[in-house]
Amino acid sequence: MKQVSPITFGPCYGSLCFSAKRPTLLRFTHHFKFHSTRAMASHIVGLPRIGPKRELKFALESFWDGKSSAEELQNVAAGLRSCIWKQLADAGIKYIPSNTFSYYDQMLDTTAMLGAVPPRYGWKSSEVGLETYFSMARGNAHVPAMEMTKWFDTNYHYIVPELGPHIRFSYASHKAVDEFKEAKALGLDTVPVLIGPVSYLLLSKPARGTEQSFPPLSLLRYILPVYKEVVAELKAAGATWIQFDEPTLVWDLDANQLQAFAHAYSELESSLSGLNVLIETYFADVTVEAYKTLTSLKGVTGYGFDLIRGEKTLDLINDGFPTGKHLFAGVVDGRNIWANDLASSLRTLQALEGIVGKDKIVVSTSCSLLHTAVDIVNETELDKEVKSWLAFAAQKVVEVNALAKALSGHKDEAFFSTNAAAQASRKSSPKVTNEAVQKAAAALKGSDLRRATNVTARLDGQQKKLNLPILPTTTIGSFPQTIDVRRVRREFKDKKISEEDYVNAMKEEINKVVKLQEELDIDVLVHGEPERNDMVEYFGEQLSGFAFTSNGWVQSYGSRCVKPPIIYGDVSRPKPMTVFWSSLAQGMTKRPIKGMLTGPVTILNWSFVRNDQPRFKTCYQIALAIKDEVEDLEKAGITVIQIDEPALREGLPLRKAEQALYLGWAVHSFRITNCGVQDTTQIHTHMCYSNFNDIIHSIIDMDADVITIENSKSDEKLLSVLPEGLKFGSGIGPGVYDVHSPRIPSHTELCVKIKNIIKVLENNMVWVNPDCGLKTRKYSEVQPALSNMVAAAKYNRQMLGVQTDDQ
């Protein structure tokens, strides 16, 4: 990778002064006078890499569109990395991570490092370049992308490695070493971070053409030589610490899986000799067995634990911690944006210090700050009181160092006092509590609201009303958001155009989308959602209890970023949110238009949620607000209403013992939204695929009339768990093509996919639709793809002996 000149710092403390070609980036703003030479025992697991103004996103998309070169992309990346490293050093952080930057995903980086490139990409044994790398992530004109799925219970996605018994691993990407050297050239000693070998394999799947029972973990002895090569190069480059992220240690692991950790680090012990080794875990507690395994690993210097979502781990540490080892205590939340309760965290750290020793405790984040927004200094429109309750990544770095200083006897009393005042303000603010909402939501506890008629009877009545063909076609909701659509929305927000001009522009766009679907002969239409910025933010902006940021972007995958709303108080719906637009679209066509809503569980899981009450209480409040909207849509004559829940499984606790409780209130929340509609109103929901086999009964219990599920991106694994779904008799639309890739599926390919689906499912159950919404695609991709999809549906109708309108 091309080395760029070090970026100089300006006179304002902690702010990076780029040239005119580069925007100002991350700032760690506080009155502390930090000096890297006096760094306290502090550590950051990882940091956001997109840039405060999404600089990486725009650089990536420019490169993908052929508007900029690889060198220009690499220069932007190098600038972002050096900015982050230097500012962490200036902020007083002792253990600064490197190799946490990625052009797309750290798991994909590890796949490249191991040379585990699937054969379909035509890669030859050499350094994995950007073309191969992005083909794996996004597909290309000839082959589809690798599967993408959720990273544990977050809204971040990773590219799933495809491994088989005949794979040959080789050291094919030197990124970890290159970035360590890059930081070294800036005068910074960093801690290189690698996805640990066992977690990498446990997060992998059998390659195409491989028996699905094949265990990727059986390849452990074959990937360890590559890890040894990487470690040797890092040692030669001058590394003194190395961090292995092994987050799967928070899973319910069996004896064989736990033994794999012991075997892996025993094998690596001699290679790691002379290095300090940190094993980092996050997102949940570790089990007693995992704790014993972890703290017994050979050659390990320190252990990192999430003490926010893993409070029970504190009991394990209290019961015994290995003498002479370092504890990296994750007391600053890397998953949310609330300011740390510094006084409480300091008490926790002081108690831990008495167990592990004063010189063996390191203050850390609970996980990578990748999952939070970058810097609150960029937020000028937030309510001042609400803003005082928040801390983004930059502020969390300050909190980590403040706690480390306090623990070492250098407590900043003024900073702690300001923090305490903000905590007290949040607890007593009238902005937080609405008694009527609290009472309505509390009444739902212990109830079992659902529609009175079973789904089979409802579908019969709905078909008489809708008169849809077999294998009905639809899309998931959004259509491409063009530059013009975004511009009009932005101008209206900035009050540069009138409301009348804005409505007319949106009306024109909706009419275009409706007419296009009619021309394509799609059966159930959507209005395309041009008025919506994001499927969660759009609703949050119209609900009470939400706050919004201007630049609070968080990476979801690749260049895709989301701006999660902040739920700070009780939630209610002051007025209808979507009825105007849905009614407008329905007036343009005789075909049914779907009313499009985001479900309560997804709004919850894709927001930064208040942490001062149980999550189920907040979810019930959102469900009641969506229920009001559903019933208003029905009154307005909308006969098909889709309530999206793509994040249902995402919120599933990682520990099995906690999952039933979550699924109970999450499914109930969905049923609350539509329990009052007529039998002839058809309720759809949409989900992103992610190991549905273990929650299929909960999906059945949602009692939706039609479920559309992402299927193609996940290699059609969905079909293997659907037969059991036959018991609930609803319509099912397994996605027939991947919308995350620019690739246009052929008519023949889609015919085969639909044929495979109706081999598994009853014909009258199947809907034909893309995997997900089309917002991020271009019309030049969408129109031919949908045309092929509709033609493929008609072809399969003919094969089933069903007459179509154009025969």
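The values are calculated or read from the model by the stated rules, or taken from the named source; none is laboratory data. Everything quoted here is computed from the prediction, not taken from an experiment. When we count neighbours, we look across all protein chains shown, and the Cβ atoms used for this are built from the backbone with ideal geometry, even at glycine. Side chains included, ligands, DNA and RNA excluded: accessible areas come from the protein's heavy atoms. Shrake-Rupley method; radii C 1.70, N 1.55, O 1.52, S 1.80 Å.
Numbers at a glance
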| read-out | value |
| --- | --- |
| Test for S344: is it open to solvent by 10 Å² or more (accessible area, probe 1.4 Å) and either of a type in the set (K, R) or outside any loop (DSSP other than H, G, I, E, B) (or both) | yes |
| Single condition S429 does not satisfy, out of (1) under 19 Å from G330 (Cβ atoms); (2) in contact with a helix residue (DSSP H, G or I) (Cβ under 7 Å, 6 or more places away or on another chain); (3) among the polar types (S, T, N, Q) | (1) |
| Number of positions in the stretch 491-509 that are open to solvent by 90 Å² or more (accessible area, probe 1.4 Å) and more than 12 Å from P530 (Cα to Cα) | 5 |
| Positions within the stretch 650-697 being modelled with pLDDT of 90 or more, among the polar types (S, T, N, Q) and within 23 Å of the chain's Cα centre (by Cα), in sequence order | Q659, S669, T685 |
| Any hit, the stretch 589-604, residues being out of contact with any Leu (no Cβ under 7 Å at 6 or more places or on another chain), small (G, A, S) and over 30 Å from K57 (Cα atoms) | no |
| Any hit, the stretch 246-265, residues being at pLDDT 95 or above, open to solvent by less than 10 Å² (accessible area, probe 1.4 Å) and either in contact with a Phe, Trp or Tyr (Cβ under 6 Å, 6 or more places away or on another chain) or over 30 Å from D178 (Cβ atoms) (or both) | yes |
| Contacts under 6 angstrom Cβ, first residue in the stretch 770-792 being open to solvent by less than 10 Å² (accessible area, probe 1.4 Å), partner assigned to a helix (DSSP H, G or I), 6 or more apart | L774/V782; L786/L520; M789/L750; V790/L520; A792/H747; A792/L750; A792/C751; A792/I754 |
| Residue identified as at pLDDT 95 or above, within 28 Å of the chain's Cα centre (by Cα) and within 20 Å of A112 (Cα to Cα) among Y303, Y227, Y282 | Y227 |
| Contacts under 6 angstrom Cβ, first residue in the stretch 479-507 being within 17 Å of T578 (Cβ to Cβ) and in contact (Cβ under 8 Å) with a residue 60 or more places away in the chain, partner of a type in the set (A, V, I, L, M, F, W, C) and part of a helix (DSSP H, G or I), 6 or more apart | F479/V513 |
| Residue list for the stretch 137-163, restricted to those being hydroxyl-bearing (S, T, Y) and either in a loop (DSSP other than H, G, I, E, B) or in contact with a Pro (Cβ under 8 Å, 6 or more places away or on another chain) (or both) | T154, Y156 |
| Enumeration of residues in the stretch 180-201 that are open to solvent by less than 30 Å² (accessible area, probe 1.4 Å) and in a helix (DSSP H, G or I) | F180, E182, A183, P197, V198, S199, Y200, L201 |
| Looking only at the stretch 612-633, and only at residues there that are among the aliphatic types (A, V, I, L, M) and open to solvent by less than 40 Å² (accessible area, probe 1.4 Å), the one that is farthest from the chain's Cα centre (by Cα) | L633 |
| Residues of the stretch 270-323 that turn out to be part of a strand (DSSP E or B) and open to solvent by 10 Å² or more (accessible area, probe 1.4 Å), as a count | 1 |
| Complete set of residues in the stretch 494-536 that are out of contact with any strand residue (DSSP E or B) (no Cβ under 8 Å at 6 or more places or on another chain) and within 30 Å of V437 (Cβ to Cβ) | E499, E531, N533 |
| Test result for I643, out of contact with any Asp or Glu (no Cβ under 7 Å at 6 or more places or on another chain), open to solvent by less than 20 Å² (accessible area, probe 1.4 Å) and not in a helix (DSSP H, G or I) | yes |
| Number of the condition not met by F134 [criteria: (1) assigned to a loop (DSSP other than H, G, I, E, B); (2) under 25 Å from the mean Cα position of the chain (by Cα); (3) surrounded by fewer than 20 Cβ atoms within 10 Å (Cβ to Cβ)] | (1) |
| Neighbours by Cβ (under 7 Å, 6+ apart or cross-chain): first from the stretch 42-60, part of a loop (DSSP other than H, G, I, E, B); second among the acidic types (D, E) | V45/E280; P52/D375 |
| Test: residue in the stretch 427-448 that is open to solvent by less than 30 Å² (accessible area, probe 1.4 Å), among the polar types (S, T, N, Q) and touching a strand residue (DSSP E or B) at 6+ places or on another chain (Cβ under 9 Å) | yes |
| Close pairs (6 angstrom Cβ cut-off, 6 or more residues apart or separate chains): at pLDDT 95 or above in the stretch 152-177, assigned to a strand (DSSP E or B) and crowded, with 17+ Cβ neighbours inside 10 Å anywhere | I159/M148; V160/T149; V160/K205; A176/P192 |
| Hits in the stretch 371-423 - residues which are open to solvent by 50 Å² or more (accessible area, probe 1.4 Å), assigned to a helix (DSSP H, G or I) and within 17 Å of R347 (Cβ to Cβ) | E413, S417, A420 |
| Qualifying positions in the stretch 65-95 - under 24 Å from N140 (Cα atoms), touching a Ser or Thr at 6+ places or on another chain (Cβ under 8 Å) and either open to solvent by 10 Å² or more (accessible area, probe 1.4 Å) or part of a loop (DSSP other than H, G, I, E, B) (or both) | S68, E72 |
| Selection count where residues are loosely packed, with under 13 Cβ neighbours inside 10 Å and closer than 25 Å to E518 by Cβ, scope the stretch 453-485 | 4 |
| Number of the condition not met by S478 [criteria: (1) in contact with a strand residue (DSSP E or B) (Cβ under 8 Å, 6 or more places away or on another chain); (2) of a type in the set (S, T, Y); (3) farther than 30 Å from L774 by Cα] | (3) |
| Selection status of E353, of a type in the set (D, E), within 21 Å of F416 (Cβ to Cβ) and open to solvent by 20 Å² or more (accessible area, probe 1.4 Å) | yes |
| Any helices (runs of 4 or more DSSP H) falling wholly within the stretch 524-611 and containing at least 1 residues that are among the hydroxyl-bearing types (S, T, Y) and either open to solvent by less than 10 Å² (accessible area, probe 1.4 Å) or over 25 Å from T474 (Cβ atoms) (or both) | 579-586, 600-605 |
| Residue in the stretch 338-352 that is of a type in the set (D, E, K, R) and over 24 Å from A424 (Cβ atoms) present | no |
| Enumeration of residues in the stretch 52-64 that are within 24 Å of R777 (Cβ to Cβ) and buried (at least 18 other Cβ atoms within 10 Å of the Cβ) | R54, E55, L56, A59, L60, F63 |
| Matching residues, the stretch 766-783, being in a loop (DSSP other than H, G, I, E, B) and under 18 Å from K594 (Cβ atoms) | W767, N769, P770, D771, C772, G773, L774, K775 |
